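> I have a structure here, written as structure tokens, and I will follow up with some questions on it.
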Amino acid sequence: YIRSYSISQFQKTYSLPEDDDFLKRKEKAIKTVVDLSDVYKPRRKYKRQQGAEELPDEESRVRATLLEYGRRYGFSRQSKTEKAEDEKTALPTGLSAAEKADTYEEDELQAAEEQRIQSLMTKMTAMANETRLTASSVGQIVGLCSAEIKQVVSEYAEKQSELSAEESPEKLGASQLYHRKVISLNKQILQKTKHLEELRSYGEKLDKDQAALEQIESKADPSILQNLRALVAMNENLKSQEQEFKAHCREEMARLQQEIETLKAERAPGDDGKTLSSGEPHGTLTSVMMRNEDLDRRYNMEKEKLYKIRLLQARRNREIAILHRKIDEVPSRAELIQYQKRFIELYRQISAVHKETKQFFTLYNTLDDKKVYLEKEISLLNSIHENFSQAMASPASRDQFLRQMEQIVEGIKQSRMKEGRKNASLLSKVLASTGFTV
């Protein structure tokens, strides 16, 4: 017992390599068995027709069930075969007449069995998932799809005739060529008509968008629109000036490069030799240097001018971006209406919460005042109860007690009148604030 308990405790937390291998092979084996059982499971091939007569005995019902799953042999043939084998083992080998009689009887039973199977098969129909189709079922399918088949055949013939006409137009007659041309022109007309409809729909869409934009523009502020148009025109003007200036700079750069190339060609070694040989190198060199300095100075000036223009353009672009942001920050009429609705909803919520809080405060103050009056009343009743027996002891003390009670009653009446006036003033204020009149 201790050993088996130790083994069970060990197997709860640890496992041997052969156990892991067995689990892996077990999963694969279970999957294979399940797949094989799905592949080779019995499949119903036939089904008894509705309204067929009931089978009389249990053997016929079992045979019909086996036929539904593709089994064509029943119990009678099997029992007869087993009986023949038993008789062959029991009888001696020399009795050939008995064997012939058994063979004849077996053939008769087999023929009866086949006839019985055929009679059962006439009362059955093939299942819908049967892979093999009979000629009648194929005929029914073709009959159902006859219209589609005719349409496909006509389209195929038309395409074939078009291909043959394209391949050998000289074999066709003039009427056929005219017919083909008419068909092709009709197709082109249909295509162009469809394209025209698409363009019309696109034009209608553009008109609707333009009308919507005009409506939005009519609702917007005219001053803001005018300012925006001026800024857009200024931006377009600056862009055109920038392009013109860039073109001018390119032309000037090309001209200056051409002049530089010309100067380089003039300052070639052969020319230097010629000038040296001609006897006037100093004046020519001085003029070339002065010209180069002039070109450098002009180039630097143009470069500085281009830099200033770019700075100016950047400044203008920043100003335009700032104006765009300011325009976007200005809320539209729809946004203002939405803000107003939200503020009204918020005000109503705050007013409801304030009213509820005020009611709570009023209720608290009322209950607090009620508590104070109840405490006073309790203290008064306690004092009356304590002094009542002493006050009734003598007539003088009783008269004094009665006078004190009258004073207390008078003070209560005055307090009540004061609170009544206070309540009347508060009620008049509330009625005045709500607009009601008494």
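> Based on this model, can you work out whether S389 counts as open to solvent by less than 60 Å² (accessible area, probe 1.4 Å) and in a helix (DSSP H, G or I)?
Spelling it out, it is not the case that S389 is open to solvent by less than 60 Å² (accessible area, probe 1.4 Å) and in a helix (DSSP H, G or I).
Per-residue answers, yes or no, for (1) at pLDDT below 75; (2) not hydroxyl-bearing (S, T, Y):
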residue: R43; (1), (2): no, yes
residue: Q50; (1), (2): yes, yes
residue: D57; (1), (2): no, yes
residue: R61; (1), (2): no, yes
residue: A64; (1), (2): no, yes
residue: E68; (1), (2): no, yes
residue: G74; (1), (2): yes, yes
residue: S79; (1), (2): yes, no
residue: A84; (1), (2): yes, yes
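> List pairs: first residue in the stretch 367-389 and within 22 Å of L402 (Cβ to Cβ), second residue surrounded by 10 or more Cβ atoms within 10 Å (Cβ to Cβ) and hydrophobic (A, V, I, L, M, F, W, C) anywhere in the structure, Cβ distance under 8 angstrom, at least six positions apart or on different chains.
L380/I408; I384/M405; N387/F401; F388/F401
> For E345, state whether it is open to solvent by less than 100 Å² (accessible area, probe 1.4 Å), at pLDDT 90 or above and part of a helix (DSSP H, G or I).
Working: open to solvent by less than 100 Å² (accessible area, probe 1.4 Å): yes; at pLDDT 90 or above: yes; part of a helix (DSSP H, G or I): yes.
Considered against the rule, which asks whether it is open to solvent by less than 100 Å² (accessible area, probe 1.4 Å), at pLDDT 90 or above and part of a helix (DSSP H, G or I), E345 comes out as yes.
> Identify, from the list R316, R291, R310, the residue that is surrounded by 11 or more Cβ atoms within 10 Å (Cβ to Cβ), of a type in the set (D, E, K, R) and at pLDDT below 85.
R291
> When you check R398 against the structure, is it part of a helix (DSSP H, G or I) and at pLDDT below 85, yes or no? Break it down stepwise before answering.
Values: part of a helix (DSSP H, G or I): yes; at pLDDT below 85: yes.
The answer is yes for R398.
> Looking at the stretch 287-300, is at least one residue assigned to a helix (DSSP H, G or I), over 49 Å from the mean Cα position of the chain (by Cα) and small (G, A, S)?
For the stretch 287-300, residues assigned to a helix (DSSP H, G or I), over 49 Å from the mean Cα position of the chain (by Cα) and small (G, A, S): present.
> Restricting the search to the stretch 403-419, which residues are surrounded by 11 or more Cβ atoms within 10 Å (Cβ to Cβ) and aliphatic (A, V, I, L, M)?
M405, I408, I412
> Hey, can you tell me all the residues within the stretch 173-231 that are among the β-branched types (V, I, T) and more than 30 Å from E335 (Cβ to Cβ)?
Filtering the stretch 173-231 for residues among the β-branched types (V, I, T) gives 182-183, 189, 193, 216, 224.
Matches in the stretch 173-231: V182, I183, I189, T193.
> Tell me yes or no: at least one residue of the stretch 327-339 is in contact with a Lys or Arg (Cβ under 9 Å, 6 or more places away or on another chain), surrounded by 10 or more Cβ atoms within 10 Å (Cβ to Cβ) and in contact (Cβ under 8 Å) with a residue 24 or more places away in the chain.
For the stretch 327-339, residues in contact with a Lys or Arg (Cβ under 9 Å, 6 or more places away or on another chain), surrounded by 10 or more Cβ atoms within 10 Å (Cβ to Cβ) and in contact (Cβ under 8 Å) with a residue 24 or more places away in the chain: present.
> Looking at the stretch 420-438 only, could you name the residues that are at pLDDT 85 or above and open to solvent by less than 80 Å² (accessible area, probe 1.4 Å)?
G420, A424, S425, S428
> Do we have N227 as touching a residue at least 60 places away in the same chain (Cβ under 8 Å), open to solvent by 60 Å² or more (accessible area, probe 1.4 Å), assigned to a helix (DSSP H, G or I) and closer than 30 Å to A314 by Cα here?
So N227 fits the description; yes.
The values are calculated or read from the model by the stated rules, or taken from the named source; none is laboratory data. Computed from a predicted structure; not experimentally measured. Heads up, the Cβs are rebuilt from the backbone with ideal geometry, glycines too, and the neighbour counts pull from every protein chain shown. Accessible surface is based on the protein model in full, side chains and every heavy atom, while ligands, DNA and RNA are left aside. Shrake-Rupley method; radii C 1.70, N 1.55, O 1.52, S 1.80 Å.
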